[in-house]
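The values are calculated or read from the model by the stated rules, or taken from the named source; none is laboratory data. Quick caveat: nothing in here was measured; it's all calculated off a predicted structure. For neighbour counting, all protein chains shown are included, and Cβ atoms are generated from backbone atoms with ideal geometry for every residue, glycine included. Surface areas here come from the heavy atoms of the whole protein model, side chains and all, with no ligands, DNA or RNA. Shrake-Rupley method; radii C 1.70, N 1.55, O 1.52, S 1.80 Å.
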Amino acid sequence: MKKLLLTIVTAMMMANVSAQNGYTITGTAEGTVKGDTVFLCEMQGWFAMVPIDTAIVKKGQFQFTGSFDGCAHRYLLAMHKGEVACTSGILLENAPIKVQMFKDEKKNIVEGGPSNQLWNEYEEGAKVFDDRMAHDWSICLDTTIAEKDKVKERLLVNTYSDDRRNFTKRFMLQHIGTPVADYLLSQTLSEFKKEEQEQVLELFGQQKNQYYVYKGLMKERKAEAATGVGAQYTDFSMPDPNGKVISISDFVSKNKYTLVDFWASWCGPCRAEMPNVVKTYDMYHAKGFEVVGVSLDNNKEAWVKAIGQLKMPWPQMSDIKGWGCEGAALYNVKAIPANVLINQQGKIVAKNLRGEDLLNKMAELLK
């Protein structure tokens, strides 16, 4: 117990110090020369590397500086003559980080700060369960073994999987107050029962040190509570395609019902859904139904072109910030298409109506 408490206190103290100083990533990359580029990347979607910073190789080294509110896995890509020379994963944290990158990733050396050390401790503990599962999975996947003989192995895999999840939850709670616990929160919160989730978040809220996962969850909860069915709508303003700033409030009081429709020109499901919105608009606009499109585009030309292609006659607005769209953030929009239906009194009466549901809802409301 003393060792556990010492680990927690030490990690929290070191996190405080490093949080003041930000991070410095210094490294070398095999196969690069002066003038080559190294990208600091974030993984998005299915293995898509999105650059968030760049550094130039000078005197055989590269360096990144910045600040990060917590810790999370990021990736370094070193480029030479347009080709990837080598890559390395790191745990980004507010601490000095040293990296030696090689063409053979197994040779990579990463020296991080207190969060990196604590994460290594977590991975060592998790490896016990992973190794057990790997052995039994190999039997489950063996085509030479009869199906009836694989039953026990599948049950063992499920058991080890549960054990691993419980280990992760315990590790997070034991190290609460550290960036690593915050990072694990995103992976573990859904594993707790609903009542326990509230208790976990309360514990995180009591900590002096709070980081981006916890703060993001609380921001989402606040937005969801403020924009749920029955709540008063939240107004916001953005430019229309001609550059004129318009607001949601410009339309709510003038129409019996206003649908705030979040979409984007690059969103396939949005384009597939749009004929349903157009159909509903054509049928009920004259009876007091309005639509205001809020685009999550980051290319104005593509946005304006799509408005014409999809034949949307209603008002449109966008800040051309993509997923950084401020209106979408206010309504906790995490996927599109999404929409919010508001009555003339400003109350939200429905959310995320799709296809016939939208048509049926308006038929019900505008009999």
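Values for this structure:
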{"item": "Checklist (1) at pLDDT below 95; (2) open to solvent by 60 Å² or more (accessible area, probe 1.4 Å); (3) in contact with a Pro (Cβ under 9 Å, 6 or more places away or on another chain) applied to VAL245, failing item", "result": "(1)"}
{"item": "Only one of LYS152, LYS103 that is under 27 Å from THR87 (Cα atoms) and open to solvent by 80 Å² or more (accessible area, probe 1.4 Å)", "result": "LYS103"}
{"item": "All positions within segment 59-100 that are open to solvent by 80 Å² or more (accessible area, probe 1.4 Å) and either among the aromatic types (Phe, Trp, Tyr) or under 19 Å from TYR23 (Cβ atoms) (or both)", "result": "GLN61, GLN63, THR65, SER67, PRO96, LYS98"}
{"item": "Subset of segment 295-342 (residues that are of a type in the set (Ser, Thr, Tyr) and closer than 19 Å to GLY268 by Cβ)", "result": "SER295, SER318"}
{"item": "Segment 1-56, residues that are at pLDDT below 60 and crowded, with 18+ Cβ neighbours inside 10 Å", "result": "ALA11, MET12, MET14, ALA15, SER18, ALA19"}
{"item": "Cβ pairs under 7 Å, 6+ apart, first in segment 313-333 and in contact (Cβ under 8 Å) with a residue 60 or more places away in the chain and under 20 Å from LYS244 (Cβ atoms), second open to solvent by 50 Å² or more (accessible area, probe 1.4 Å) and in a helix (DSSP H, G or I)", "result": "ASP319/GLU326"}
{"item": "Residues of segment 175-196 satisfying the condition of being of a type in the set (S, T, N, Q), out of contact with any Ser or Thr (no Cβ under 6 Å at 6 or more places or on another chain), surrounded by 14 or more Cβ atoms within 10 Å (Cβ to Cβ) and in a helix (DSSP H, G or I)", "result": "SER186"}
{"item": "Residue list for segment 227-251, filter: over 20 Å from MET312 (Cα atoms) and part of a loop (DSSP other than H, G, I, E, B)", "result": "THR227, GLY228, VAL229, GLY230, ALA231, TYR233, THR234, ASP235, PHE236"}
{"item": "Single condition ALA223 does not satisfy, out of (1) in a strand (DSSP E or B); (2) at pLDDT below 95", "result": "(1)"}
{"item": "The one condition in (1) more than 22 Å from LYS305 (Cα to Cα); (2) open to solvent by 30 Å² or more (accessible area, probe 1.4 Å); (3) in contact with a helix residue (DSSP H, G or I) (Cβ under 6 Å, 6 or more places away or on another chain) that MET218 fails to fulfil", "result": "(3)"}
{"item": "Residue in segment 157-167 that is at pLDDT 95 or above and either outside any loop (DSSP other than H, G, I, E, B) or of a type in the set (S, T, N, Q) (or both) present", "result": "no"}
{"item": "Qualifying positions in segment 148-180 - under 20 Å from TYR214 (Cβ atoms) and without any contact (Cβ under 8 Å) to a residue 12 or more places away in the chain", "result": "ARG170"}
